[in-house]
Amino acid sequence: MNFWLELIIKLVAILGFVLTGALVVIYAELKAGSHMQGRIGPYYAGVRWGWAQPLADGLKFLQKEDLSPTGADRTIYGLAPYVVMMSTIAVFVVIPFGPDMVGRDLDLGIYFILAISSLSVLGILMAGWSSANKYSLMGGLRAAAQLIAYELPLVLAAAAVVVQAGTMSMNGIVLAQSETWFTVAGIDVAMPFLLKGQIISFIIFMIAVVAELSRIPFDMPIAESELTMGYLTEYSGIRFTMFFLGEYASMIAFSAIAATLFLGGYAAPGVPDGLANLVGPGVMLLKIALLVFVIIWIRWTWPRLREDQLQRLAWFWLIPIALANIAVVAIFKVVF
Amino acid sequence: MTDLAMIHRSESAVSIELQTPDMTLNIGPQHPSTHGVLRLIAKVAGERVTDVEPVIGYMHRGYEKLSEVRTYAQITTLVNRIDWVAGFASEVPFIIGVEKLMGVEAPPRAQYIRMILTELARMASHLVFMSSYPLELGATTPLMYALREREYILELIEEVTGGRFHPNFNRVGGVKPVYGGGSMTKKWSLDLPEGFLQRARDAMDRMEQICDDIDTLVSDNELIKMRTVGIGVIPRDKALEYGLTGPNLRASGVAYDLRKVENLLPYDEIDFDIAVRQGGDCYDRYVLRIEEVRQSSRIVRQAVDQIPSGPLQTKVPRVLKAPRGQVYSRGENPKGEFGYHIVSEGARMPYRLKIRSTSFSNLSILPWILQDALIPDLVAIMGSLDFVLGDVDR
Amino acid sequence: MSDKQIRFPFRGLWEGMWLTLKTMLKPAPVTMYPQVQEEPVPRARGVIALDVEACTVCMLCARECPDWCIYIEGHKEEQPPSKPGGRPRVRATLDRFDIDYSLCMYCGICVEVCPFDALFWTPEYEYSEPKITNLLHNMDKLTYWLGTVPDQPPLEKS
Ligand code: SF4
Ligand code: SF4
């Protein structure tokens, strides 16, 4: 196929998936959150169940005035949301939704993801710094400290999987999980890494993901009862929408990564190879939905931590445990 | 923090460039965590607050001055707007003060109705606290649960008084006995409506249930404990020094409750405990209020069972004139001691009314307790003191 | 409150999540307002109704209102004598009776002091207005509310 044509198709597919996915997740959060609180949530937008609420919200944000404070550094202020959004979208390039349904199967897939996703720190720091607002600045600093602290457990937890799988390619990791692990009564049993002894990495990975997403219980950067809205305080209109969409898109992105690394990605038991491209996306979406729901569920139940407690959790607990975990995984890998 | 004199001479040359002055952060008057319009001028070094100066008065409505040109009946309307989350509870000390001045006493049934409604108001106020405090710590769900249950309480209050927040149900010499003053409306008694006692019992079941739910969701939550245990400790002597009252004082280990001390309402006929906790930190202040809701529901259950029958109001003159004199009457508002100093010159209106509002006095500890707190702790501590800005500014 | 007991680590976190999950699966206790109207209690102080016939323009309500938001004007009217040959009666008639609901504190003092049963509370609550001046209800509007005055509810037997 023509290279450019393929590129455009892939781009449109990824963009479309990210945007609709983000809207769906926003809707899920509104709805699940309100039912957890004994409310109904969106009801009137659209004809039933308020399904069009995220769209309507988006339209509302778009027509709002795009304010920027007098003291703001206009260029950086304007650029920041796009940096955040870009880093999120770029992650999707290497996430496989089927054996062939992947933007580009890089050999260093997981490495690329971890590198690209940490770019969003830059955007957040830009937003915090350029807003000329003390709350924004503090939010930006908190975000920087937090994201950097949790980048490490994230990488280390992923590294344990890489060690076990023996490859950094996302597709390779999925294949490693669909390999036969043992055979019982003539049935070949394949297990995702979660069940192959990676439970500790999974928990660490998920904690780090929630922290990377700055969601409760780690939402100090935007803690609205402390810093009004943190680095988002001054944003409005389309730029705020960008941040907002970016947050939910990266929720999907990280859930997709976790699903690929620990839950077997697009592979499902009993799916013949020929159908993997067809069924794969559905399986993958289900797994993503499950993880996204857990993240939403946590957000509507728990309070937030304090900045120093968060740092202590990362440096004193998660990182040492993750390191020990890598060592154990490596020993098992070599011995067996 | 940045006291230049403290730095060694040789260092100062280098670090004078690096020395950053403390940042002044204006928290409020419009800020999500200040419950209205409180402004804190905080000096922060990074996340640490080095100095904080509360600025109040954004909501000053001049109730003391307004009261000087209003009759006693009209003032009852005003005083339940001071601490609006517990309107009825702030009416009672005022009206009892006026009764003391005039030398009348409410009949027992009226006193019991007052007591039931006061306890309902206390529960409503504490439920607001139970909902808003976790919100400051980032948990959004307890808000909905507690407010959902508060609705049942407000409904009970509305059923009897006609108002959810501002009952205006107290009259000198009892509670409002009849609908109006005309020949027809005078026959319409405002006694408890049918089925009220049973509905009150049912609502108390719900209260106990929501206390358990909030315990599960909040009090037992390890993250909440991490955020509140040992934070904002007010030692016993400091609490007494700053004149804290109410739950804030009792959480510091002082078993002082005006319901037991003053004999405004027939609390002595009811069996209940004063909730006390020893720690004096945010967690204790929080849990203590949940315990108080349980005690209040005990009070309501007993009061509902043993409410006497009888008239709602004693005979009072049509035109109320308090004789010359003054009185200080105080009661246990949900937030602490709520007092009125009424000076009468013998007219239909008080000569002077001084309101000792609870939140204002409780707020005085803020600069001391917020010293060297982290910003997240500042929010946690401020919330745990449970003040209402209308009560602070009056 | 079992903060003294030894607990399974992080049990509080999971119990909380279990509670929110249970709540999510239960139907939400919500009244869908515009379609389903909530029935206010009969004593609810929603809006004041005026019986023009009964009012004698005595001004008591306007005087006792704590923020003086009742505006009354009236004039005396000669009426034919009740029995032929008697003296002509003088009857006070309302020209204006406005209550400014943007100022009203819903205290009920006016209803209470009216000696001629001219004012009543009704639990109606749907009269919000986009413009604050429209909250000044005039005589017609106040009379309209008269139809919504509920009967007195039965009382608790004591
Ligand atoms: S309810 Fe109170 S404030 Fe409203 S008009 Fe009547 S007396 Fe005035
Ligand atoms: S108190 Fe009653 S009779 Fe007198 S003016 Fe007011 S409404 Fe009319």
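The values are calculated or read from the model by the stated rules, or taken from the named source; none is laboratory data. In this text, all values refer to a predicted model and were calculated from it rather than measured experimentally. Cβ coordinates were reconstructed from backbone atoms using ideal geometry, including for glycine residues, and neighbour counts include every protein chain displayed.
Determine whether C:ARG96 is within 16 Å of ligand 1 (Cβ to nearest atom), under 24 Å from B:VAL160 (Cβ atoms) and either buried (at least 20 other Cβ atoms within 10 Å of the Cβ) or in contact (Cβ under 8 Å) with a residue 40 or more places away in the chain (or both). So C:ARG96 fails the test.
Selection of the stretch C:6-39 for residues being in contact with a Gly (Cβ under 7 Å, 6 or more places away or on another chain), surrounded by fewer than 19 Cβ atoms within 10 Å (Cβ to Cβ) and of a type outside the set (A, V, I, L, M) yields only C:PRO29.
Of the residues in the stretch C:56-66, at least one is away from ligand 1 (no atom under 15 Å from the Cβ) and either of a type in the set (Gly, Ala, Ser) or without any contact (Cβ under 8 Å) to a residue 60 or more places away in the chain (or both). A:PHE240 meets the stated requirement of being surrounded by fewer than 24 Cβ atoms within 10 Å (Cβ to Cβ) and more than 14 Å from every other protein chain (Cβ to nearest Cβ).
Scanning the stretch B:352-394 for residues that are in a loop (DSSP other than H, G, I, E, B), crowded, with 21+ Cβ neighbours inside 10 Å and more than 14 Å from chain A (Cβ to nearest Cβ) yields B:SER357, B:ASP386, B:PHE387, B:VAL388, B:ARG394.
Selection of helices (runs of 4 or more DSSP H) fully inside the stretch C:1-114 by the criterion of at least 3 residues being within 11 Å of chain B (Cβ to nearest Cβ) and more than 16 Å from ligand 2 (Cβ to nearest atom) returns C:11-25.
The set of residues from the stretch B:192-220 being touching a residue at least 60 places away in the same chain (Cβ under 8 Å), surrounded by 17 or more Cβ atoms within 10 Å (Cβ to Cβ) and either touching a Ser or Thr at 6+ places or on another chain (Cβ under 7 Å) or not in a helix (DSSP H, G or I) (or both) comprises B:LEU192, B:MET204, B:MET207, B:LEU217.
Checking C:PRO154, C:PRO150 one by one, the residue that is within 13 Å of another protein chain (Cβ to nearest Cβ), under 20 Å from C:CYS55 (Cα atoms) and surrounded by fewer than 17 Cβ atoms within 10 Å (Cβ to Cβ) is C:PRO150 and no other.
When the residues of the stretch B:99-138 are filtered to those that are among the small types (Gly, Ala, Ser) and within 14 Å of chain A (Cβ to nearest Cβ), the one that is surrounded by the fewest Cβ atoms within 10 Å (Cβ to Cβ) is B:SER132.
Evaluation of B:GLY173 against the conditions (1) facing another protein chain (nearest Cβ under 10 Å); (2) farther than 30 Å from A:ALA223 by Cβ shows that the sole unmet condition is (1).
Checked against (1) away from every other protein chain (no Cβ under 14 Å); (2) more than 14 Å from ligand 1 (Cβ to nearest atom), C:LEU136 passes all but condition (2). In this structure, A:ARG312 does not qualify as charged (D, E, K, R) and in contact with a Pro (Cβ under 6 Å, 6 or more places away or on another chain). Scoring A:ALA324 on the criteria (1) more than 15 Å from A:ALA28 (Cβ to Cβ); (2) surrounded by 15 or more Cβ atoms within 10 Å (Cβ to Cβ) leaves a single failure, condition (2).
Does any residue of the stretch B:175-187 turn out to be assigned to a loop (DSSP other than H, G, I, E, B), at pLDDT 85 or above and buried (at least 23 other Cβ atoms within 10 Å of the Cβ)? Scanning the stretch B:175-187, I find no residue that is assigned to a loop (DSSP other than H, G, I, E, B), at pLDDT 85 or above and buried (at least 23 other Cβ atoms within 10 Å of the Cβ), so the answer is no. For A:GLU179, the requirement of being over 29 Å from A:ILE319 (Cβ atoms), out of contact with any Phe, Trp or Tyr (no Cβ under 7 Å at 6 or more places or on another chain) and modelled with pLDDT of 75 or more is not met. Which residue, of A:ILE288, A:ILE252, A:ILE298, is at pLDDT 85 or above and surrounded by fewer than 23 Cβ atoms within 10 Å (Cβ to Cβ)? Going through A:ILE288, A:ILE252, A:ILE298 in turn, just one is at pLDDT 85 or above and surrounded by fewer than 23 Cβ atoms within 10 Å (Cβ to Cβ): A:ILE298. Scanning the stretch B:25-48 for residues that are in contact (Cβ under 8 Å) with a residue 60 or more places away in the chain, outside any strand (DSSP E or B), surrounded by fewer than 21 Cβ atoms within 10 Å (Cβ to Cβ) and at negative phi gives B:VAL37, B:GLU47.
Examine the stretch B:291-314 for a residue that is more than 29 Å from B:GLU269 (Cα to Cα), surrounded by fewer than 19 Cβ atoms within 10 Å (Cβ to Cβ), more than 14 Å from chain C (Cβ to nearest Cβ) and modelled with pLDDT under 85, and state whether such a residue exists. No, every residue in the stretch B:291-314 fails to be more than 29 Å from B:GLU269 (Cα to Cα), surrounded by fewer than 19 Cβ atoms within 10 Å (Cβ to Cβ), more than 14 Å from chain C (Cβ to nearest Cβ) and modelled with pLDDT under 85.
Just to be sure, is B:PRO323 surrounded by 17 or more Cβ atoms within 10 Å (Cβ to Cβ) and not in a strand (DSSP E or B)? For B:PRO323, the condition - surrounded by 17 or more Cβ atoms within 10 Å (Cβ to Cβ) and not in a strand (DSSP E or B) - is not met. The set of residues from the stretch A:1-58 being part of a helix (DSSP H, G or I), touching a Lys or Arg at 6+ places or on another chain (Cβ under 9 Å) and not basic (Lys, Arg) comprises A:GLU29, A:GLY33, A:HIS35, A:GLN53.
Residues of the stretch A:196-249 that are of a type in the set (S, T, N, Q) and assigned to a helix (DSSP H, G or I): A:SER201, A:SER225, A:THR241.
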